[in-house]
Every structure is written in C-alpha cells, then in structure tokens.
1. Would you mind calculating the relative contact order of the chain from Cα pairs under 8 angstrom and at least 6 residues apart, reporting the percent as a whole number?
2. Within segment 56-93, what residues put their amide N at less than 14 Å from the label point 7 Å along the Cα-to-Cβ vector of Asp26?
3. Summing +1 for each Lys or Arg and -1 for each Asp or Glu, what net charge is found among the other residues whose Cβ lies under 13 Å from the Cβ of Ile149?
4. Using a 1.4 Å probe on the protein chains only, how many percent of the accessible area of the chain belongs to carbon and sulfur?
5. Express in nm, to one decimal, how much length is gained between Asn173 and Lys72 on full extension, taking 0.36 nm for each residue of separation and deducting their alpha carbon distance.
6. Rounded to the nearest 500, what is the 222 nm mean residue ellipticity of the chain from helices alone, with -39500 (n - 2.57) per DSSP H run of 4+ residues and division by all residues?
7. Which of (i) 37; (ii) 49; (iii) 41 is the computed percent of Cα pairs over 29 Å apart for the structure on display?
8. Per 0.36 nm of contour for each residue apart, how much would the distance between Ile242 and Asn51 grow if the chain were fully extended, relative to their Cα-Cα spacing?
Amino acid sequence: MTTISLCMIVKNEEDVLKRCLESVQDITDEIIIVDTGSTDNTKKIAKEFTNKIYHFSWVDDFAKARNYSFSKATKDYILWLDADDVILPKDKEKFKEFKKTLDKNIDIVMMKYNCGFDSEGNPTLSYYRERLIKNFKNYTWIGRIHEVIPPTGNVIYSDVSITHKKIHRNDPNRNLRIFEKMIKDNTPFDTRQKFYYAREVYYSGDYPKAIEKFNDFLNSDDKWVENTISALLDLSTCYHNIGDKEHEIQTLFKSFEFSTPRSQTCCYIGNFFLKENKIDLAIYWYELALTIKPDLKSGGFFEMDYYHFIPYIQLCVCYYKLGNIQKSIEYNELAGKIKPNNTLYLKNKEFFENFT
C-alpha cells in the first residue's frame, strides 16, 4: 500500500495541534513536525505522536520552512497540513479508501479545502489545494507568503476534504509585515505576490493604497484568471468603501473580460443596483447568479452562499420593495430550505407572518 508522510510547520500551536494530529495519526505512516520557535507546549504535544521533531529558525519565509519539512519525508507521498486543520471522520474514511487504491503514477492529489463556515458549521468558502504530493519528484514550495507548489505532472482531484478549524486568530499583520520587509530589502515581487500583497493591504483597511496595489497586479501580463477575478471583486469593494460608485461598477463588469460570470460577481452587481434603488436591474443579476454552477476545480475561491442563499434572500428584499409580497415570501422560503436556522430567514419569516 502507498505510504504517506505528514509534514507540518508549527509555532505556538498548543491549542490545536493535538486535535489535528489525532485526526490523521491512523492514516499516515510518518509524522514530521518542524517547529519554528514555539514558546508554549507545542513540542511537548508533538512528542505524543512522533519523535521526528525538528527545529527551523524562522526567516519570514513559509516556502523555505515547508521545503525543509518536505526534505525530512521518507514515504511515497507527502501530506501537508496546518496545525488548525483537521480531517473530519467522514473524510478520514474516504481518505483511508483512497489511500488503498492510489495509483503511484499520480504526482499530485488536489483536495478541497473548507475554510469558511456558517453558524451551522456548513462550508461557505471552499477551494482546491495541492494536498498530497509525490515524494522524491523535486516538487518545491515557492513564495514567502501564501506559498504554493504549482500543480504539474499527473494531477487528480479527490473528494476528500480538509477542514480548517481556527480557534484563535494569528497575528493579523504578520503577512503584511513580511511583504513590507521584502519591499525594504528590494526583493522583487512576482505577479502572484503582487496579488497577495494587494489583498493584505486591503485587509488592513488602507483602501486607497489597496486600489493602487490591485491595479499594479491587474496591469501584469501573466496574471492567473482566478486571481484576476478575485482581485476585481476586492477592488470593487475598495471603490465602494471610498464612495467611488463609477469605478465600483466598472470594476465588476471588467471581470467579464476574463471569464464567464461568477455568482459572487453577479450578487455584487445586484447589490450595487439595489442600493441605487434600480430594483429590476438588481433582480436580473440576482436571478442570473442562481443559474450559475461553481467550477471548484478551476482553482478559484468559491463562497458558496452566493450560489443560492444570498441571491434568494436579496430577491426576497427586491420583490418586497416592488410590493410583490407573495414572491418575496417564496424567495425567503427558498433561502430557508438552504439554511433553516439562519437569522435573516427567520426574521423575514416572522415579519411576513405578522405582516399578513
């Protein structure tokens, strides 16, 4: 049977590491922990599961740390996880079956990464990542921040999901500091790093600077289409937050130059027209959002609520504004079928019960 090394880089993860390792210890054949400077009980917890614990002096470079962890692997394939990831029981069983039948001609296995959730624990943000990598093929992590192994060779997609279950927020400015150190050191950014730097600036709330950096990325020649669409969505939000309506809507429509419409883009456009009280136009875009199916294997970031729940709720609002109460109720009930315990749905339901 195929053998698997689990390779992790960790620092001060005493709150989550045991949970992670317990979820994978019976599906991996080797556990390698690379600690980058923990001052808590992380290494003590790791010793409960493995004696292969190494130290790596942190140099503000995630790729270097991950490549070091991979260099210690001795099995056929390498599985990588972050400390606040888990493999849920249903996915563990899938993983075990998948491992039994894994063809050793496969180079990389892409697995869905569920990292955003609603109040019921249902995934709302998912995308595929290179998760199981064939060893001894010289695959190399690149990128100091948001590191990646470009998926080349014989790549397949699995229905096994990895679940991100963060307990506490890490240093929110860490990534931005690393990018700014790269700038100070005159380290050139590739196009992918330009995209992620723009996002970090956006997350910091500096919208004018984020606009500048997103446009810097968008002016690059070799940008990936999925990052382009994501950048345009974030850029439209930047323009919205500074009150530039003209550029907000132009930016959203510009995404159609690169790919077919995504439901999230359609909902953003619907929101724009709803705020402008152009209800018929808003309805058009929300209804269009409902006709689109997500292509998760494209590698993009997909917030699944934009493909059903959000347009249903927004259409409820739109038809109420038009005075069509029956249709408003119908769309609210459709939203309730997706999320029966959602606060918005329940408040709308109560309102309509009192209204009628």
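The values are calculated or read from the model by the stated rules, or taken from the named source; none is laboratory data. Note that the structure is predicted; figures quoted are calculated from it, not measured. With ideal geometry, Cβ positions are generated from the backbone for all residues, glycine too; neighbour counts draw on all protein chains shown. Heavy atoms of the whole protein, side chains included, go into the accessibility calculation; ligands, DNA and RNA do not. Shrake-Rupley method; radii C 1.70, N 1.55, O 1.52, S 1.80 Å.
1. 12
2. 87-93
3. The answer is +3.
4. With neighbouring chains kept in place, the figure for the chain is 48 percent.
5. Here the answer is 33.3 nm.
6. Dividing the helical sum by the residues of the chain leaves -14500 deg cm²/dmol.
7. Working out percent of Cα pairs over 29 Å apart from the coordinates points to (ii).
8. Gain on stretching Ile242 to Asn51: 63.4 nm.
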